[in-house]
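> First the structure, which I've put down as structure tokens, then a few questions once you've had a look.
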Amino acid sequence: MGQQSRQTFDRLYGDAAAPEDLPWNHGTPSDFLEQVVAARPDGGRALDLGCGSGVDSVFLAQHGWQVTSLDFMPQAVEMTRKRAEAAGVTVSAQVADITTWPGDGTFDVIVDAGCLHALEMVDRPAYRRQLLQWLAIGGDYVLRHAERRHLFDRRQMGPKRVSRRRIKKLFAPELVERDFRRNLITSARYPGGPGFTHTSYWFEDRRD
């Protein structure tokens, strides 16, 4: 992550008295996560990349999943731990750089509600390599990402926007898109102003 991006996160977390003060806060589980959980009634191991305040981590833990939560911001990890404690569930929340984290076995479900689009473009190959190492064969990957809507959609601050075509290409052929959803977010207080298009993906692992 670049120095400018790190400074932005430091400032935003420093100004946040509660999770609701963060511009990317979402009070409900990420799109498709409920369907993924319903399709796997026996649970399993889950990894939350860039866990933020822990909404997805706690949701998974409440449904019997063994959850590992990663974020490079100590404040995010602390918010996740507090949310889990308040909900009466246990998650393993750790401060980590996901491009170098050595991992702890494989995971049946991996969710990313905003980690990938916060990384610099040069870090994407490392992210892909790590993801495929951690995701179990036949696993599910849920991703929330800011979409690039047109050629000139190139803001220097805030989420790195990428088209749906490029996201699918990044994970092909190992991961195949099962479902997709697009939402225009006009109330987000990201640096650079409102008007982000968030896209949600549900990928399935198709490795033999």
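> Of the numbered conditions (1) modelled with pLDDT under 95; (2) over 21 Å from Asp48 (Cβ atoms), Arg207 fails exactly one; give the number of that condition.
Tallying (1) modelled with pLDDT under 95; (2) over 21 Å from Asp48 (Cβ atoms), Arg207 fails exactly one: (1).
> What single numbered condition from (1) at pLDDT below 85; (2) under 29 Å from Arg178 (Cβ atoms); (3) of a type outside the set (Lys, Arg) fails to hold for Glu20?
Here Glu20 clears every test but (2).
> Still on this structure: Would you confirm whether any residue within the range 82-103 is polar (S, T, N, Q) and more than 24 Å from Phe9 (Cα to Cα)?
yes
> Look through Gln133, Gln94 and report the one residue that is within 24 Å of Phe171 (Cα to Cα) and of a type in the set (S, T, N, Q).
Gln133
Residue by residue, here is whether (1) under 24 Å from Leu22 (Cβ atoms); (2) modelled with pLDDT of 85 or more holds:
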| position | (1), (2) |
| --- | --- |
| Val111 | yes, yes |
| Leu119 | yes, yes |
| Phe180 | no, yes |
| Gly193 | yes, no |
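> Follow-up question, since we're still on this one. Pro173 fails exactly one of the following numbered conditions: (1) surrounded by 12 or more Cβ atoms within 10 Å (Cβ to Cβ); (2) modelled with pLDDT of 80 or more. What is the number of that condition?
Looking at each condition in turn, Pro173 falls short on (1).
> Okay, moving on. Is at least one residue of the range 20-28 buried (at least 17 other Cβ atoms within 10 Å of the Cβ), in contact with a helix residue (DSSP H, G or I) (Cβ under 8 Å, 6 or more places away or on another chain) and not in a loop (DSSP other than H, G, I, E, B)?
No, the range 20-28 has no match at all.
> For the range 127-150, enumerate the residues that are of a type in the set (A, V, I, L, M, F, W, C) and either over 19 Å from Asp48 (Cβ atoms) or modelled with pLDDT of 95 or more (or both).
Leu131, Leu132, Trp134, Leu135, Ala136, Ile137, Val142, Leu143, listed by residue number.
> Do we have Thr68 as without any contact (Cβ under 8 Å) to a residue 60 or more places away in the chain and in contact with a helix residue (DSSP H, G or I) (Cβ under 8 Å, 6 or more places away or on another chain) here?
no
> Ok, one more. Kindly check whether there is at least one residue in the range 75-84 that is touching a strand residue (DSSP E or B) at 6+ places or on another chain (Cβ under 6 Å), among the β-branched types (Val, Ile, Thr) and either surrounded by fewer than 15 Cβ atoms within 10 Å (Cβ to Cβ) or assigned to a helix (DSSP H, G or I) (or both).
Yes, the conditions are met somewhere in the range 75-84.
> Moving on. How many residues does the range 87-139 hold that are assigned to a helix (DSSP H, G or I), aliphatic (A, V, I, L, M), touching a residue at least 24 places away in the same chain (Cβ under 8 Å) and surrounded by fewer than 14 Cβ atoms within 10 Å (Cβ to Cβ)?
Residues that pass the stated criteria total 1.
> Would you check which residues across the range 60-74 are assigned to a helix (DSSP H, G or I), at pLDDT 95 or above and surrounded by fewer than 23 Cβ atoms within 10 Å (Cβ to Cβ) and list them?
Gln62 - this is the single residue of the range 60-74 that is assigned to a helix (DSSP H, G or I), at pLDDT 95 or above and surrounded by fewer than 23 Cβ atoms within 10 Å (Cβ to Cβ).
The values are calculated or read from the model by the stated rules, or taken from the named source; none is laboratory data. These numbers come from a predicted model, not from an experiment. Cβ coordinates were reconstructed from backbone atoms using ideal geometry, including for glycine residues, and neighbour counts include every protein chain displayed.
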